[in-house]
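Comments concern the structure below.
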Amino acid sequence: MILLAVDPHRPDPAALEQAARVLRDGGLVAFPTETVYGLGAHALDPAAVQRIYQAKGRPAYNPLIVHVADAAAARALAASWPEQAERLAAAFWPGPLTLVLPKHDSIPHSVTAGLPSVALRVPAHPVAHALLRAAGIPVAAPSANRSTAVSPTTARHVARSLGERVDVIVDGGPCPVGIESTVLSLAGPVPTLLRPGTISVDDLRPVIGDVALPSGATHATAARPSPGMLDRHYAPRATVRLVPGAERARVLADAAESVDGGNRVGALLLEDARDARIAPVVRMPDDPAGYAARLYAALHELDEAGCDLILIDPPPDAPAWSGVRDRLRRAATSP
Ligand code: AMP
Ligand code: MG
């Protein structure tokens, strides 16, 4: 594996050309986007796409997001491009919004897990953008971690999770948004939110009108419209529990036996709470954007500290927090 460190704002063109060549030749390149690090491969090369599934241990039914440098390139990969796509692209691209549209014939079935639709995104991160321009091809890129684990927001997280399974890691520093993109389907009769992110329905509605939320899909056991809906996902090794401050003492008392037995309890808290039984404590930002940017790194830190149990203060139940709350709920779901 080759590690290429670049300036996040002005990446070295020679380094990116080296990574772009690996992509064009069918290799795997991990690179920073504004959301999380992506594990990229040539989206029109089925053998390259297959390597993504192998490296991640990702089930074949979980489709990939295809990343391109601009809206014109995205449009070329969709069989149809409704007015709503045009408006959303103008309002939110480049940025952390993924649009699901009927797929063009050029997209291999493995990219879409056999679905007739394809997920498309134009990332805003200068490194991702320059890499896509240099590569000149669409790049399929799920998060650069083993399947179901916490997504990576630094190159070190990628190296720890995937190591030699990847050909190149482009290190462009920490990801500023920190949780995965909002996924919106325009492939059906009504625009439908498939995965919440930092762009909320309150941001989308002024641009395209009403947005449907998936009907109970998060608890169904049947096929999901969007596999980001897998219940257990984004999960650290430790057991994660969402526990309001008022219940923390009781939960700790219940856990006392296992704490005394050497088990370690860490926490992500929205307030200062000194309790000798909890260490480490990560004090989380109290705004959704700050919280999202910190979340995965904090979970990685507590995992690395050897925590067996992670207690998390539930954030407010408001639309701006829905992306963060979704990831916390999935991290807390038992296997
Ligand atoms: P990841 O790249 O690991 O963040 O996962 C990509 C996510 O994009 C999937 O888990 C789905 O939620 C979504 N996605 C990708 N392609 C499609 C598609 N054709 N239809 C619906 N959702 C999709
Ligand atoms: Mg992922």
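The values are calculated or read from the model by the stated rules, or taken from the named source; none is laboratory data. Given the structure is predicted, the values throughout are model-derived calculations rather than measurements. Every residue, glycine among them, receives a Cβ derived from its backbone with ideal geometry; neighbour counts consider all protein chains shown.
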Against the condition away from ligand 1 (no atom under 16 Å from the Cβ) and not in a loop (DSSP other than H, G, I, E, B), how does HIS157 come out, does it pass?
no
Please list, ordered by first then second residue, the pairs with beta carbon atoms under 9 Å, 6 or more apart or interchain, first in region 46-59 and at positive phi, second surrounded by fewer than 21 Cβ atoms within 10 Å (Cβ to Cβ) and modelled with pLDDT of 95 or more.
GLY57/ARG146
Just to be sure I understand, how many residues within region 283-310 are out of contact with any helix residue (DSSP H, G or I) (no Cβ under 6 Å at 6 or more places or on another chain) and either of a type in the set (Val, Ile, Thr) or crowded, with 22+ Cβ neighbours inside 10 Å (or both)?
6
Out of the residues in region 135-145 that are within 11 Å of ligand 1 (Cβ to nearest atom) and assigned to a loop (DSSP other than H, G, I, E, B), state the one that is surrounded by the fewest Cβ atoms within 10 Å (Cβ to Cβ).
PRO142
Just to check your reading of the model, which residue among ARG195, ARG224, ARG205 is within 15 Å of ligand 1 (Cβ to nearest atom), charged (D, E, K, R) and modelled with pLDDT of 90 or more?
ARG195
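Residues are listed down the side, and each one gets a yes or a no for (1) more than 16 Å from ligand 2 (Cβ to nearest atom); (2) under 22 Å from the mean Cα position of the chain (by Cα):
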site	(1), (2)
PRO11	yes, no
ALA15	yes, no
LEU23	yes, yes
GLY27	yes, yes
THR35	no, yes
TYR53	no, yes
LYS56	no, yes
VAL66	no, yes
TRP81	yes, no
Criterion first (within 15 Å of ligand 1 (Cβ to nearest atom), buried (at least 23 other Cβ atoms within 10 Å of the Cβ), outside any loop (DSSP other than H, G, I, E, B) and in contact (Cβ under 8 Å) with a residue 40 or more places away in the chain) does VAL127 satisfy it?
no
Considering only helices (runs of 4 or more DSSP H) wholly within region 1-82, the ones with at least 1 residues that are touching a strand residue (DSSP E or B) at 6+ places or on another chain (Cβ under 6 Å), farther than 30 Å from ILE208 by Cα and aliphatic (A, V, I, L, M) are 13-24, 46-56
If the Cβ limit is 9 Å and pairs must be 6+ apart or interchain, which residue in region 153-171 that is over 16 Å from ILE52 (Cα atoms) pairs with which residue that is acidic (Asp, Glu)?
THR154/ASP171; ALA155/ASP171; ARG156/ASP171; ARG160/GLU304
Quick check on region 169-201: of everything there that is part of a loop (DSSP other than H, G, I, E, B) and small (Gly, Ala, Ser), which residue is farthest from ligand 2 (Cβ to nearest atom)?
GLY188
